[in-house]
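Below is one structure; the comments refer to it alone.
No lab work stands behind these numbers, since they all come straight from the coordinates. This is a predicted model, so every value here is computed, not measured. Ideal geometry is used to build each Cβ from the backbone, glycine not excepted, and the neighbour counts take in all protein chains shown.
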Amino acid sequence: MHRRFRGRIAVTALTVLAGAGTLSACGDDGDGGSGAPGQLRLGYFPNITHATALVGIDQGIFAKHLGTAPKTASFNAGPAAVEALFSGAVDATFVGPNPSINAWSKSHGKAIKIISGAASGGVSLIVKPGINGVRDLRGKKIATPQLGNTQDVAIRYWLKQNGLTANKDGSGDVKVMPQENATTLQAFAQGAIDGAWVPEPFASRLIQESKGKKLLDEKTLWPGGKFVITNLIVKQEYLKKHPDQVRKLLEAVVEATDSINSDRAGAEKSVNDQLTKLSGKPLEQGVLDAAFKQIEFTTDPVASSLIQGARHAEEIGLLEKTELDGIYELGPLNGVLKAGGKAQVSDR
C-alpha cells in the first residue's frame, strides 16, 4: 500500500468488453483536449460485490444514461484499480473503501472523490474443517485478494484485536498471503492454504466447491451489520471538467441499484452473464443464490464504516495518519436521489 504509485496500469485480468474500445494510459480524461467528455472509462471487479457495475453494463443502463457504453476494465483488487486511475487509464472505478482511502492519502486529497456507495457486506473468512476459532489460526496460511486491499486490512486488524500477529512480510502468528482470488480458489482446493478472507462470490465458492466452512461473517464485526464493501470513486479532474457526465453516471448507478433490488433473478442472470464473459465459465446457481443473500446493494456509502476502516489501517501500519474531511462528494448523488423521490445519503 505504501509503494509509490507508478505511471502504469497495475491490472490483473485487465478486460475490455466487446465494443468498449481500448483503454488509454496517457493520463488525460479522454476528451482529446476539446473539453468534450468523450467515452467514460470505468473500472470494476469480477465480484458479486460489484453487481452494480455488472448489471449496469449487461442491461445497458450505463449506455442509456451516458449516451454510449463506457470503456471498461476489470481488476482483481483495489490497489490495482487505484493505480489505473492514477495513471489516467480510467476516469472512475468501483472499488473498496481502503484503496479509496489510500488514494486520498497518497494524493493529499487531490486525486479522487467518493461519489456513491454500491454495496454493504458480502465478505467472510472461510477455512478448512477443523479450524473452529481464531486461536486455531496460529501457524496457518490465510489468503486475501491483495496487500492493503479492504479484506487484507480487515483480517490483519481482526487478528491483532485477537492477540495474533500477521506481518506484511508474511511472518507472524498467521501467514497472510495476498494473491488473486482465482489463485485462492485453486490453492484452497489443493490444500496449499488453510483459509481466505474474501468477498463474494469467492467465499461461497470456497464453501460449495471445496467444502470450506464459514468461520466469520465480517458483518458481525460492524454496528447493525453494515459496512461498505464497494463504493464509486472518480478522478477529481474529471468531476470538475465533466459534472454532467458524472451526474449521468450516478443516474445509471441509482437505476442499476434499483434493478438489482427489484428483480433479483434478473440481476443474478446479468451478473453471471458478465462473469462468464470475463472468466469463460458461469457460476453455479447455488453460488449465485448464496452470494446475493450476503450483500445489501445500496447507494449509501456507509461513511462511518469507511472512517473506522481508516483507523484500522493506521493501527496495523498499512496507512499513515490520514485526515478524511472532503473525501466524499455526495452532492451530485443526492441531487439524483432527490429528483427520484429517494432518501438522501450522508458523508458521516
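Springs between Cα atoms under 10 Å define the GNM used for the chain, and in it the highest mean-square fluctuation of Val123, Val254, Val134 occurs at Val134. What percent of all Cα-Cα pairs in segment 138-251 falls into each 10 Å bin, going from 0 up to the bin containing the maximum distance? Computed distribution, short to long bins: 12, 37, 27, 15, 8, 0.
Among Val153, Val174, Val234, the largest mean-square fluctuation in a Gaussian network model of the chain (Cα springs under 10 Å) belongs to Val174. Near the amide H of Val123, under 5 Å away, which other amide H atoms are found, from residues 5 or more places off or on another chain, if H is placed in the peptide plane? The answer is Glu218, Lys219. Across segment 248-262, computed HN-Hα scalar couplings (Karplus, 6.51 cos²θ - 1.76 cosθ + 1.60, θ = phi - 60°) run 5, 4, 5, 4, 5, 4, 5, 5, 5, 5, 4, 5, 4, 6, 9 Hz from first to last residue, x flagging Gly and Pro. The three principal axes of the C-alpha atoms in segment 108-166 carry coordinate ranges of 45, 24, 18 Å, sorted with the longest axis first.
For a 21 Å ceiling on Cα separation, which of these pairs sit above it: Lys248/Lys293; Lys128/Lys269; Lys175/Lys213?
From Lys248/Lys293; Lys128/Lys269; Lys175/Lys213, over 21 Å: Lys248/Lys293; Lys128/Lys269.
Computed over segment 35-162, the P(r) curve from all C-alpha pair distances, binned at 10 Å from the origin, holds 11, 37, 30, 15, 6, 1 percent per bin. Calculated mean residue ellipticity at 222 nm for the chain: -12000 deg cm²/dmol, from DSSP H runs with n ≥ 4 weighted as -39500 (n - 2.57), summed, divided by the residue count and rounded to 500. Here segment 75-228 was treated as a single set of alpha-carbon atoms; its pair distances binned every 5 Å from 0 give 2, 9, 18, 21, 20, 15, 9, 5, 1, 0 percent. Here the Gaussian network model covers the chain, with springs between Cα atoms less than 10 Å apart; of Asp91, Asp263, Asp244, Asp263 fluctuates the most.
Only bridges whose two residues both fall in the chain count here: according to DSSP, what percent of them are antiparallel, nearest 5? Around 65 percent antiparallel, to the nearest 5. Proximity of backbone amide H atoms, modeled 1.01 Å from N, is registered between Asn149 and no other residue at under 5 Å, excluding neighbours fewer than 5 places apart on the same chain. All other residues whose Cβ lies under 12 angstrom from that of Ile193 are scored, Lys and Arg at +1 and Asp and Glu at -1, for a net of +3.
With the simple model of a label 7 Å out from the Cα in the direction of the Cβ, Gln308 to Glu237 spans 3.6 nm. Projecting the Cα positions of Phe227, Phe94, Thr144 onto the charge dipole of the chain (unit charges on Cβ atoms of Lys, Arg, Asp and Glu, taken about the Cα centre) puts Thr144 furthest along the positive direction. Taking amide H as placed 1.01 Å from N in the peptide plane, Val228 has its amide H under 5 Å from the amide H of Ser305, Leu306, each at least 5 places away in sequence or on another chain.
Taken about its Cα centre, the chain carries a charge dipole of about 640 debye when Lys and Arg each add +1 at the Cβ and Asp and Glu each add -1 at the Cβ. With each label modelled as a point 7 angstrom along the Cα→C-beta vector, the Glu320-Ala343 pair spans 3.9 nm.
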